[in-house]
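Down below is the structure, laid out as C-alpha coordinates.
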Amino acid sequence: MTAPTAAPLPQPDLEAAARLRALPPVDAVLAAAAPLAEPHGRAALTRAVRAALEAARDAIRAGRPARTSPADIAAEAKALLEAQARPSLRPVFNLTGTVLHTNLGRALLAEEAVEAAVAAMRQAVTLEYDPAAGRRGERDDHVRALLCDLTGAEDATVVNNNAAAVLLVLNTLAAGRDAIVSRGELIEIGGAFRMPDIMARAGTRLVEVGTTNRTHPRDYEGAIGPETGLLVKVHTSNYRIEGFTTEVSPAALASIARAKGVPLFHDLGSGTLCDLARYGLVHEPTVRECVADGADVVTFSGDKLLGGPQTGFIVGRRDLIAAINKNPMKRALRVDKIRLAALEATLKLYADPDRLAQRLPTLRLLARKAGEMEALSARLVPQVRALLGPHVAVSACPCRSQIGSGALPTETLDSYALRLRPDGGGGALDALAAALRALPVPIIGRLEDGALLLDLRCLEDEPAFLAALRAVELPRGLA
Ligand SMILES: *Cc1c(COP(=O)(O)O)cnc(C)c1O
(Lines give C-alpha, C1' and ligand atoms only; values in the text may rest on other atoms or scores of the structure.)
Protein backbone atom coordinates (compact mmCIF):
# COMPACT_ATOMS: atom_id res chain seq x y z
CA MET A 1 0.00 0.00 0.00
CA THR A 2 1.35 3.36 -0.90
CA ALA A 3 1.30 5.98 1.75
CA PRO A 4 -1.25 8.67 0.98
CA THR A 5 0.49 11.82 -0.02
CA ALA A 6 0.09 14.13 2.94
CA ALA A 7 -1.13 17.57 2.14
CA PRO A 8 1.59 20.05 3.10
CA LEU A 9 1.10 21.09 6.69
CA PRO A 10 0.32 24.73 7.17
CA GLN A 11 3.29 26.59 8.56
CA PRO A 12 1.97 27.17 12.15
CA ASP A 13 1.55 23.41 12.69
CA LEU A 14 5.08 22.71 11.61
CA GLU A 15 6.09 25.27 14.14
CA ALA A 16 3.82 23.62 16.73
CA ALA A 17 5.45 20.25 16.16
CA ALA A 18 8.83 21.79 16.74
CA ARG A 19 7.63 23.52 19.88
CA LEU A 20 6.14 20.26 21.21
CA ARG A 21 9.47 18.48 20.62
CA ALA A 22 11.26 21.29 22.42
CA LEU A 23 9.25 20.83 25.65
CA PRO A 24 11.56 19.80 28.49
CA PRO A 25 11.42 16.20 29.78
CA VAL A 26 9.75 15.51 33.13
CA ASP A 27 13.12 14.99 34.84
CA ALA A 28 14.38 18.39 33.78
CA VAL A 29 11.29 20.09 35.20
CA LEU A 30 11.54 18.01 38.39
CA ALA A 31 15.10 19.23 38.82
CA ALA A 32 13.94 22.83 38.44
CA ALA A 33 11.08 22.20 40.88
CA ALA A 34 13.14 20.29 43.47
CA PRO A 35 12.36 22.59 46.43
CA LEU A 36 8.63 21.81 46.02
CA ALA A 37 9.13 18.15 46.93
CA GLU A 38 9.57 18.94 50.61
CA PRO A 39 6.29 20.83 51.23
CA HIS A 40 4.11 18.87 48.79
CA GLY A 41 5.63 15.39 48.58
CA ARG A 42 7.39 13.74 45.58
CA ALA A 43 4.34 11.94 44.22
CA ALA A 44 2.16 15.06 44.15
CA LEU A 45 5.03 17.07 42.62
CA THR A 46 5.50 14.55 39.79
CA ARG A 47 1.77 14.57 39.08
CA ALA A 48 1.74 18.37 39.02
CA VAL A 49 4.74 18.52 36.67
CA ARG A 50 3.07 16.07 34.28
CA ALA A 51 -0.15 18.10 34.43
CA ALA A 52 1.75 21.33 33.74
CA LEU A 53 3.50 19.72 30.76
CA GLU A 54 0.18 18.46 29.44
CA ALA A 55 -1.30 21.95 29.77
CA ALA A 56 1.65 23.37 27.82
CA ARG A 57 1.13 20.71 25.10
CA ASP A 58 -2.57 21.60 24.89
CA ALA A 59 -1.74 25.29 24.59
CA ILE A 60 0.77 24.68 21.80
CA ARG A 61 -1.64 22.43 19.88
CA ALA A 62 -4.35 25.07 20.19
CA GLY A 63 -1.96 27.69 18.86
CA ARG A 64 -1.94 29.60 22.15
CA PRO A 65 1.24 31.10 23.56
CA ALA A 66 2.97 28.91 26.16
CA ARG A 67 6.15 29.43 28.13
CA THR A 68 8.06 26.18 28.05
CA SER A 69 11.39 26.46 29.84
CA PRO A 70 11.88 24.01 32.75
CA ALA A 71 11.56 26.98 35.13
CA ASP A 72 8.29 28.07 33.49
CA ILE A 73 6.77 24.59 33.68
CA ALA A 74 7.98 24.29 37.30
CA ALA A 75 6.24 27.58 38.10
CA GLU A 76 3.01 26.20 36.60
CA ALA A 77 3.40 23.05 38.69
CA LYS A 78 3.91 25.20 41.79
CA ALA A 79 0.69 27.11 41.09
CA LEU A 80 -1.17 23.82 40.64
CA LEU A 81 0.18 22.43 43.91
CA GLU A 82 -0.71 25.58 45.80
CA ALA A 83 -4.24 25.57 44.40
CA GLN A 84 -4.64 21.93 45.46
CA ALA A 85 -3.25 22.64 48.93
CA ARG A 86 -5.67 25.48 49.57
CA PRO A 87 -8.59 24.20 51.64
CA SER A 88 -11.90 24.13 49.84
CA LEU A 89 -13.72 25.24 53.00
CA ARG A 90 -11.91 28.44 53.89
CA PRO A 91 -12.45 31.76 55.61
CA VAL A 92 -14.04 34.66 53.78
CA PHE A 93 -14.89 38.24 54.63
CA ASN A 94 -18.65 38.29 54.91
CA LEU A 95 -19.43 41.83 53.80
CA THR A 96 -22.79 40.86 52.34
CA GLY A 97 -24.64 42.65 55.11
CA THR A 98 -26.37 39.43 56.15
CA VAL A 99 -25.03 38.58 59.59
CA LEU A 100 -26.35 35.01 59.86
CA HIS A 101 -25.59 33.99 56.28
CA THR A 102 -26.49 30.32 55.86
CA ASN A 103 -24.20 29.87 52.85
CA LEU A 104 -21.32 31.44 54.78
CA GLY A 105 -21.75 29.29 57.88
CA ARG A 106 -24.18 31.31 60.03
CA ALA A 107 -23.06 32.12 63.60
CA LEU A 108 -19.44 32.88 64.47
CA LEU A 109 -18.59 31.15 67.72
CA ALA A 110 -17.43 32.82 70.91
CA GLU A 111 -13.78 32.30 71.85
CA GLU A 112 -14.96 30.25 74.85
CA ALA A 113 -16.77 27.90 72.47
CA VAL A 114 -13.81 27.69 70.11
CA GLU A 115 -11.49 26.73 72.97
CA ALA A 116 -13.89 24.11 74.29
CA ALA A 117 -14.28 22.58 70.83
CA VAL A 118 -10.52 22.46 70.28
CA ALA A 119 -9.97 20.79 73.66
CA ALA A 120 -12.62 18.20 72.84
CA MET A 121 -10.89 17.47 69.53
CA ARG A 122 -7.48 16.91 71.12
CA GLN A 123 -8.36 14.80 74.13
CA ALA A 124 -10.62 12.05 75.35
CA VAL A 125 -13.67 13.64 76.98
CA THR A 126 -16.54 12.67 79.29
CA LEU A 127 -18.95 12.57 76.37
CA GLU A 128 -21.07 9.71 77.71
CA TYR A 129 -19.27 9.06 80.93
CA ASP A 130 -19.99 10.07 84.49
CA PRO A 131 -16.59 10.28 86.20
CA ALA A 132 -18.11 10.58 89.70
CA ALA A 133 -20.03 7.33 89.38
CA GLY A 134 -17.45 5.67 87.12
CA ARG A 135 -20.09 4.55 84.65
CA ARG A 136 -21.86 5.44 81.47
CA GLY A 137 -23.47 8.86 81.30
CA GLU A 138 -25.59 10.63 78.72
CA ARG A 139 -24.55 13.05 76.02
CA ASP A 140 -27.44 15.41 76.80
CA ASP A 141 -26.38 15.68 80.45
CA HIS A 142 -23.80 18.33 79.54
CA VAL A 143 -26.44 20.81 78.42
CA ARG A 144 -29.78 19.60 79.76
CA ALA A 145 -29.72 21.62 82.97
CA LEU A 146 -28.45 24.73 81.19
CA LEU A 147 -31.23 24.49 78.60
CA CYS A 148 -33.89 23.94 81.24
CA ASP A 149 -32.62 26.94 83.22
CA LEU A 150 -32.54 29.18 80.18
CA THR A 151 -35.96 28.20 78.84
CA GLY A 152 -38.00 27.19 81.87
CA ALA A 153 -38.70 23.80 80.26
CA GLU A 154 -38.85 20.56 82.24
CA ASP A 155 -36.48 18.68 80.00
CA ALA A 156 -34.34 19.13 76.90
CA THR A 157 -32.44 17.25 74.24
CA VAL A 158 -30.07 18.20 71.43
CA VAL A 159 -29.79 16.96 67.85
CA ASN A 160 -27.95 17.80 64.63
CA ASN A 161 -29.96 20.88 63.66
CA ASN A 162 -33.47 22.26 63.94
CA ALA A 163 -34.60 20.39 60.83
CA ALA A 164 -33.64 17.17 62.63
CA ALA A 165 -35.42 18.37 65.76
CA VAL A 166 -38.64 18.96 63.82
CA LEU A 167 -38.38 15.59 62.08
CA LEU A 168 -37.80 13.78 65.35
CA VAL A 169 -40.67 15.48 67.17
CA LEU A 170 -43.12 14.76 64.35
CA ASN A 171 -41.98 11.16 63.97
CA THR A 172 -42.11 10.45 67.68
CA LEU A 173 -45.37 12.16 68.54
CA ALA A 174 -47.42 11.95 65.35
CA ALA A 175 -46.24 9.08 63.11
CA GLY A 176 -49.30 7.51 61.47
CA ARG A 177 -51.44 10.28 62.91
CA ASP A 178 -52.61 13.77 62.03
CA ALA A 179 -50.58 16.90 62.62
CA ILE A 180 -52.69 20.03 62.34
CA VAL A 181 -51.06 23.16 60.91
CA SER A 182 -52.35 26.52 59.73
CA ARG A 183 -52.12 27.12 55.97
CA GLY A 184 -50.34 30.36 56.79
CA GLU A 185 -47.48 28.46 58.42
CA LEU A 186 -46.51 25.84 55.83
CA ILE A 187 -43.04 27.26 55.47
CA GLU A 188 -40.16 26.60 53.17
CA ILE A 189 -36.75 27.40 54.67
CA GLY A 190 -33.67 27.73 52.44
CA GLY A 191 -32.02 24.45 51.52
CA ALA A 192 -35.28 22.68 50.69
CA PHE A 193 -36.70 22.35 54.18
CA ARG A 194 -40.44 22.34 53.47
CA MET A 195 -42.85 21.60 56.24
CA PRO A 196 -45.20 19.38 54.16
CA ASP A 197 -42.25 17.29 52.92
CA ILE A 198 -40.75 16.90 56.38
CA MET A 199 -44.16 15.81 57.68
CA ALA A 200 -44.45 13.20 54.95
CA ARG A 201 -40.97 11.85 55.74
CA ALA A 202 -41.79 11.81 59.43
CA GLY A 203 -44.77 9.57 58.63
CA THR A 204 -47.21 12.24 59.76
CA ARG A 205 -50.45 13.12 57.97
CA LEU A 206 -50.55 16.85 57.39
CA VAL A 207 -53.93 18.38 58.11
CA GLU A 208 -54.07 21.96 56.88
CA VAL A 209 -56.49 24.35 58.52
CA GLY A 210 -57.53 27.96 57.91
CA THR A 211 -56.34 29.98 54.94
CA THR A 212 -53.08 31.60 53.95
CA ASN A 213 -53.95 34.87 55.66
CA ARG A 214 -56.46 33.91 58.36
CA THR A 215 -56.71 31.02 60.75
CA HIS A 216 -59.12 31.00 63.70
CA PRO A 217 -59.41 28.92 66.89
CA ARG A 218 -62.49 27.19 65.43
CA ASP A 219 -60.38 25.96 62.50
CA TYR A 220 -58.12 24.01 64.85
CA GLU A 221 -60.98 22.89 67.09
CA GLY A 222 -62.94 21.58 64.10
CA ALA A 223 -59.98 19.53 62.85
CA ILE A 224 -59.08 17.80 66.11
CA GLY A 225 -60.30 14.22 66.25
CA PRO A 226 -59.28 10.73 67.38
CA GLU A 227 -56.52 10.61 64.74
CA THR A 228 -54.85 13.84 65.90
CA GLY A 229 -51.31 13.39 67.21
CA LEU A 230 -50.16 16.99 67.40
CA LEU A 231 -51.15 20.60 67.01
CA VAL A 232 -48.28 22.32 65.26
CA LYS A 233 -47.40 26.00 65.31
CA VAL A 234 -44.57 27.12 63.04
CA HIS A 235 -42.79 30.42 63.41
CA THR A 236 -43.01 32.02 59.97
CA SER A 237 -39.37 32.93 60.25
CA ASN A 238 -38.56 34.11 56.78
CA TYR A 239 -41.72 35.88 55.69
CA ARG A 240 -44.53 38.04 56.99
CA ILE A 241 -48.14 37.91 55.94
CA GLU A 242 -49.46 41.44 56.23
CA GLY A 243 -52.82 43.10 55.73
CA PHE A 244 -56.09 41.29 56.47
CA THR A 245 -54.65 38.58 58.69
CA THR A 246 -55.41 36.61 61.84
CA GLU A 247 -53.48 33.89 63.51
CA VAL A 248 -54.13 32.03 66.73
CA SER A 249 -51.66 33.11 69.40
CA PRO A 250 -49.43 30.46 70.96
CA ALA A 251 -51.23 30.89 74.30
CA ALA A 252 -54.69 30.50 72.75
CA LEU A 253 -53.54 27.49 70.79
CA ALA A 254 -52.11 25.97 73.98
CA SER A 255 -55.46 26.24 75.71
CA ILE A 256 -57.19 24.54 72.78
CA ALA A 257 -54.57 21.79 72.90
CA ARG A 258 -55.01 21.33 76.64
CA ALA A 259 -58.80 21.25 76.43
CA LYS A 260 -58.62 18.53 73.75
CA GLY A 261 -55.77 16.59 75.37
CA VAL A 262 -53.49 16.95 72.33
CA PRO A 263 -49.86 18.13 72.68
CA LEU A 264 -48.87 21.44 71.09
CA PHE A 265 -45.59 21.52 69.20
CA HIS A 266 -44.10 24.94 68.42
CA ASP A 267 -41.27 25.14 65.88
CA LEU A 268 -39.70 28.44 66.81
CA GLY A 269 -37.00 28.39 64.13
CA SER A 270 -34.33 30.81 65.15
CA GLY A 271 -35.31 30.88 68.77
CA THR A 272 -33.57 33.33 71.01
CA LEU A 273 -32.71 32.79 74.65
CA CYS A 274 -32.58 36.48 75.55
CA ASP A 275 -34.67 39.57 74.96
CA LEU A 276 -33.09 41.11 71.86
CA ALA A 277 -34.67 44.49 72.71
CA ARG A 278 -32.08 44.73 75.46
CA TYR A 279 -29.41 44.98 72.76
CA GLY A 280 -31.26 47.52 70.64
CA LEU A 281 -32.89 44.97 68.33
CA VAL A 282 -36.55 44.20 67.78
CA HIS A 283 -38.06 41.86 70.33
CA GLU A 284 -38.39 38.31 69.04
CA PRO A 285 -40.37 35.77 71.09
CA THR A 286 -37.92 33.96 73.36
CA VAL A 287 -37.95 30.24 73.94
CA ARG A 288 -38.86 30.93 77.57
CA GLU A 289 -41.95 32.90 76.51
CA CYS A 290 -42.92 30.14 74.15
CA VAL A 291 -42.64 27.53 76.92
CA ALA A 292 -44.52 29.78 79.34
CA ASP A 293 -47.28 30.23 76.74
CA GLY A 294 -47.97 26.55 77.11
CA ALA A 295 -46.27 24.78 74.21
CA ASP A 296 -45.60 21.16 75.18
CA VAL A 297 -42.56 20.87 72.90
CA VAL A 298 -40.51 23.67 71.37
CA THR A 299 -37.76 23.30 68.75
CA PHE A 300 -35.14 25.87 67.73
CA SER A 301 -31.71 26.25 66.13
CA GLY A 302 -28.29 26.53 67.74
CA ASP A 303 -26.53 28.52 65.02
CA LYS A 304 -29.04 31.26 64.30
CA LEU A 305 -29.77 34.00 66.85
CA LEU A 306 -28.46 31.83 69.67
CA GLY A 307 -24.95 32.22 68.23
CA GLY A 308 -23.66 28.69 68.79
CA PRO A 309 -22.65 25.70 66.69
CA GLN A 310 -25.06 23.98 64.29
CA THR A 311 -27.47 22.13 66.57
CA GLY A 312 -31.19 21.72 67.09
CA PHE A 313 -32.95 21.77 70.44
CA ILE A 314 -36.08 20.10 71.64
CA VAL A 315 -37.31 21.39 75.00
CA GLY A 316 -40.55 20.73 76.80
CA ARG A 317 -42.59 18.24 78.81
CA ARG A 318 -40.54 15.51 80.48
CA ASP A 319 -42.70 12.60 79.26
CA LEU A 320 -42.57 13.83 75.67
CA ILE A 321 -38.80 14.40 75.73
CA ALA A 322 -38.39 10.90 77.19
CA ALA A 323 -40.39 9.45 74.29
CA ILE A 324 -38.29 11.45 71.82
CA ASN A 325 -35.09 10.13 73.38
CA LYS A 326 -36.34 6.56 72.96
CA ASN A 327 -36.92 7.02 69.23
CA PRO A 328 -34.19 5.09 67.37
CA MET A 329 -33.90 8.05 64.98
CA LYS A 330 -32.42 10.08 67.83
CA ARG A 331 -29.24 8.03 67.51
CA ALA A 332 -28.98 8.94 63.84
CA LEU A 333 -29.43 12.64 64.54
CA ARG A 334 -27.21 13.09 67.57
CA VAL A 335 -24.43 15.68 67.85
CA ASP A 336 -20.72 14.96 68.18
CA LYS A 337 -18.40 15.89 71.04
CA ILE A 338 -16.94 18.91 69.21
CA ARG A 339 -20.22 20.69 68.81
CA LEU A 340 -21.45 19.60 72.21
CA ALA A 341 -18.37 21.17 73.82
CA ALA A 342 -18.88 24.40 71.85
CA LEU A 343 -22.56 24.38 72.72
CA GLU A 344 -22.04 23.99 76.46
CA ALA A 345 -19.56 26.89 76.45
CA THR A 346 -21.95 29.05 74.41
CA LEU A 347 -24.93 28.38 76.68
CA LYS A 348 -22.85 29.24 79.75
CA LEU A 349 -22.26 32.74 78.37
CA TYR A 350 -26.00 33.39 78.71
CA ALA A 351 -25.62 33.34 82.47
CA ASP A 352 -24.14 36.84 82.21
CA PRO A 353 -26.42 38.93 79.96
CA ASP A 354 -24.42 42.11 80.69
CA ARG A 355 -21.37 40.78 78.90
CA LEU A 356 -23.18 38.61 76.38
CA ALA A 357 -23.00 41.17 73.56
CA GLN A 358 -19.23 41.45 73.94
CA ARG A 359 -18.56 37.75 74.09
CA LEU A 360 -21.02 36.34 71.60
CA PRO A 361 -19.89 37.48 68.12
CA THR A 362 -23.31 37.08 66.49
CA LEU A 363 -24.96 39.32 69.04
CA ARG A 364 -22.03 41.74 69.01
CA LEU A 365 -22.33 42.13 65.21
CA LEU A 366 -26.11 42.44 65.32
CA ALA A 367 -25.95 45.06 68.06
CA ARG A 368 -23.15 47.06 66.43
CA LYS A 369 -24.12 50.69 65.97
CA ALA A 370 -24.04 52.31 62.53
CA GLY A 371 -21.70 55.03 63.88
CA GLU A 372 -19.01 52.42 64.41
CA MET A 373 -19.25 51.22 60.81
CA GLU A 374 -19.35 54.83 59.63
CA ALA A 375 -16.07 55.60 61.41
CA LEU A 376 -14.59 52.41 59.99
CA SER A 377 -15.67 53.38 56.47
CA ALA A 378 -14.04 56.81 56.86
CA ARG A 379 -10.75 55.15 57.81
CA LEU A 380 -10.95 52.59 55.02
CA VAL A 381 -12.01 54.73 52.06
CA PRO A 382 -8.59 56.37 51.37
CA GLN A 383 -6.72 53.09 51.88
CA VAL A 384 -9.05 51.07 49.67
CA ARG A 385 -8.97 53.83 47.06
CA ALA A 386 -5.17 53.60 47.00
CA LEU A 387 -5.31 49.80 46.63
CA LEU A 388 -7.89 49.76 43.85
CA GLY A 389 -6.38 52.52 41.76
CA PRO A 390 -7.86 55.27 39.59
CA HIS A 391 -10.47 53.20 37.74
CA VAL A 392 -12.58 52.25 40.76
CA ALA A 393 -14.51 54.98 42.56
CA VAL A 394 -14.52 54.25 46.29
CA SER A 395 -16.87 56.02 48.68
CA ALA A 396 -18.73 55.38 51.92
CA CYS A 397 -22.50 55.17 52.06
CA PRO A 398 -25.21 54.29 54.57
CA CYS A 399 -26.86 50.94 53.94
CA ARG A 400 -29.12 48.37 55.59
CA SER A 401 -27.89 45.05 56.97
CA GLN A 402 -30.13 42.12 57.69
CA ILE A 403 -30.08 39.49 60.37
CA GLY A 404 -30.39 36.48 58.07
CA SER A 405 -31.29 32.83 58.51
CA GLY A 406 -34.92 33.79 58.42
CA ALA A 407 -34.79 35.69 61.69
CA LEU A 408 -36.80 38.93 61.67
CA PRO A 409 -36.97 38.99 57.85
CA THR A 410 -38.54 42.41 57.55
CA GLU A 411 -36.26 44.10 60.08
CA THR A 412 -33.14 45.74 58.75
CA LEU A 413 -30.30 47.35 60.67
CA ASP A 414 -28.63 50.70 59.95
CA SER A 415 -25.12 50.16 58.70
CA TYR A 416 -22.36 51.65 56.57
CA ALA A 417 -20.70 50.26 53.49
CA LEU A 418 -17.82 50.86 51.16
CA ARG A 419 -19.30 51.57 47.75
CA LEU A 420 -17.15 50.46 44.82
CA ARG A 421 -18.00 51.66 41.31
CA PRO A 422 -15.62 50.68 38.53
CA ASP A 423 -15.32 52.59 35.26
CA GLY A 424 -17.13 50.85 32.44
CA GLY A 425 -20.47 49.73 33.84
CA GLY A 426 -22.04 46.30 34.38
CA GLY A 427 -19.36 44.04 32.91
CA ALA A 428 -16.65 45.82 34.87
CA LEU A 429 -18.74 45.64 38.03
CA ASP A 430 -19.16 41.87 37.74
CA ALA A 431 -15.46 41.52 36.97
CA LEU A 432 -14.54 43.55 40.06
CA ALA A 433 -16.85 41.48 42.28
CA ALA A 434 -15.30 38.31 40.80
CA ALA A 435 -11.77 39.60 41.45
CA LEU A 436 -12.61 40.16 45.13
CA ARG A 437 -14.15 36.68 45.35
CA ALA A 438 -11.02 35.21 43.75
CA LEU A 439 -8.77 36.43 46.57
CA PRO A 440 -7.11 33.80 48.80
CA VAL A 441 -9.44 35.11 51.51
CA PRO A 442 -12.45 36.02 49.35
CA ILE A 443 -14.17 39.33 50.02
CA ILE A 444 -17.89 38.89 49.44
CA GLY A 445 -20.12 41.91 49.10
CA ARG A 446 -23.44 42.54 47.39
CA LEU A 447 -24.42 44.29 44.18
CA GLU A 448 -26.84 47.14 44.66
CA ASP A 449 -27.77 50.09 42.44
CA GLY A 450 -24.92 49.55 40.01
CA ALA A 451 -22.25 49.35 42.69
CA LEU A 452 -20.54 46.70 44.79
CA LEU A 453 -21.37 47.33 48.43
CA LEU A 454 -19.08 46.00 51.14
CA ASP A 455 -21.24 46.25 54.27
CA LEU A 456 -18.86 46.80 57.17
CA ARG A 457 -21.11 45.43 59.91
CA CYS A 458 -19.27 42.10 60.02
CA LEU A 459 -15.78 43.53 59.51
CA GLU A 460 -13.90 43.56 62.79
CA ASP A 461 -10.33 42.84 61.64
CA GLU A 462 -9.41 45.94 59.66
CA PRO A 463 -5.70 45.08 59.06
CA ALA A 464 -6.59 41.57 57.86
CA PHE A 465 -9.10 43.03 55.40
CA LEU A 466 -6.54 45.48 53.98
CA ALA A 467 -3.92 42.74 53.78
CA ALA A 468 -6.36 40.52 51.90
CA LEU A 469 -7.32 43.31 49.51
CA ARG A 470 -3.67 44.08 48.76
CA ALA A 471 -3.49 40.77 46.83
CA VAL A 472 -6.31 41.73 44.44
CA GLU A 473 -5.65 41.22 40.74
CA LEU A 474 -7.82 43.80 39.06
CA PRO A 475 -9.51 42.78 35.81
CA ARG A 476 -8.11 44.18 32.57
CA GLY A 477 -9.46 47.65 32.00
CA LEU A 478 -9.37 48.48 35.72
CA ALA A 479 -5.73 47.61 36.40
C1 LIG B 1 -34.29 27.69 60.30
C2 LIG B 1 -35.56 26.98 60.60
C3 LIG B 1 -35.62 25.59 60.57
C4 LIG B 1 -34.43 24.74 60.23
O5 LIG B 1 -33.41 24.92 61.19
P6 LIG B 1 -31.93 24.42 60.90
O7 LIG B 1 -31.23 24.62 62.20
O8 LIG B 1 -31.42 25.27 59.79
O9 LIG B 1 -32.01 22.99 60.51
C10 LIG B 1 -36.82 25.00 60.86
N11 LIG B 1 -37.92 25.72 61.15
C12 LIG B 1 -37.90 27.08 61.17
C13 LIG B 1 -39.15 27.81 61.50
C14 LIG B 1 -36.71 27.76 60.90
O15 LIG B 1 -36.67 29.09 60.92
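The values are calculated or read from the model by the stated rules, or taken from the named source; none is laboratory data. The structure displayed is predicted, hence computed values, not measured ones. Please note: Cβ atoms are built from the backbone with ideal geometry, for glycine as well, and neighbour counts cover all protein chains shown. Each accessible area value is taken on the protein alone, full model and side chains, heavy atoms only, with ligands, DNA and RNA left out. Shrake-Rupley method; radii C 1.70, N 1.55, O 1.52, S 1.80 Å.
Applying the criterion of being within 28 Å of ARG86 (Cα to Cα) and in contact with a strand residue (DSSP E or B) (Cβ under 7 Å, 6 or more places away or on another chain) to the residues of the range 421-441, the residue that is most open to solvent (accessible area, probe 1.4 Å) is ARG437.
Against the test of being part of a strand (DSSP E or B), hydrophobic (A, V, I, L, M, F, W, C), within 16 Å of the ligand (Cβ to nearest atom) and more than 28 Å from the chain's Cα centre (by Cα), the options ALA179, ALA156 yield a single qualifying residue, ALA179.
Note on the range 230-258: residues that are assigned to a loop (DSSP other than H, G, I, E, B) and either within 16 Å of the ligand (Cβ to nearest atom) or open to solvent by 30 Å² or more (accessible area, probe 1.4 Å) (or both) total 13.
Taken over the range 385-394, the criterion of being free of Cβ contacts under 8 Å to residues at least 60 places away in the same chain and either surrounded by fewer than 16 Cβ atoms within 10 Å (Cβ to Cβ) or within 16 Å of the ligand (Cβ to nearest atom) (or both) is satisfied by ALA386, PRO390, ALA393. In this structure, ALA133 does not satisfy being under 23 Å from PRO285 (Cβ atoms) and either out of contact with any Asp or Glu (no Cβ under 6 Å at 6 or more places or on another chain) or hydrophobic (A, V, I, L, M, F, W, C) (or both). Taken over the range 232-248, the criterion of being at pLDDT 95 or above and not β-branched (Val, Ile, Thr) is satisfied by LYS233 alone. Filtered by the rule that a residue be more than 12 Å from SER415 (Cβ to Cβ), at pLDDT 95 or above and charged (D, E, K, R), the range 449-461 gives GLU460, ASP461.
Please work out if LEU356 is surrounded by fewer than 23 Cβ atoms within 10 Å (Cβ to Cβ), closer than 26 Å to VAL118 by Cβ and within 16 Å of the ligand (Cβ to nearest atom). Taking the combined requirement at face value, the residue does not satisfy it.
Screening ARG339 with (1) in a helix (DSSP H, G or I); (2) touching a residue at least 24 places away in the same chain (Cβ under 8 Å); (3) more than 21 Å from LEU109 (Cα to Cα) gives one miss only, at (3). If you go through the range 307-331 and keep only what is near the ligand (Cβ under 10 Å from one of its atoms) and either surrounded by 24 or more Cβ atoms within 10 Å (Cβ to Cβ) or in a helix (DSSP H, G or I) (or both), you end up with THR311, GLY312, PHE313.
Residues in the range 206-227 include none that are under 21 Å from ASN327 (Cα atoms), open to solvent by less than 40 Å² (accessible area, probe 1.4 Å), among the aliphatic types (A, V, I, L, M) and within 16 Å of the ligand (Cβ to nearest atom). Count of the range 117-137 residues, restricted to those that are open to solvent by less than 30 Å² (accessible area, probe 1.4 Å) and touching a Lys or Arg at 6+ places or on another chain (Cβ under 9 Å), is 2.
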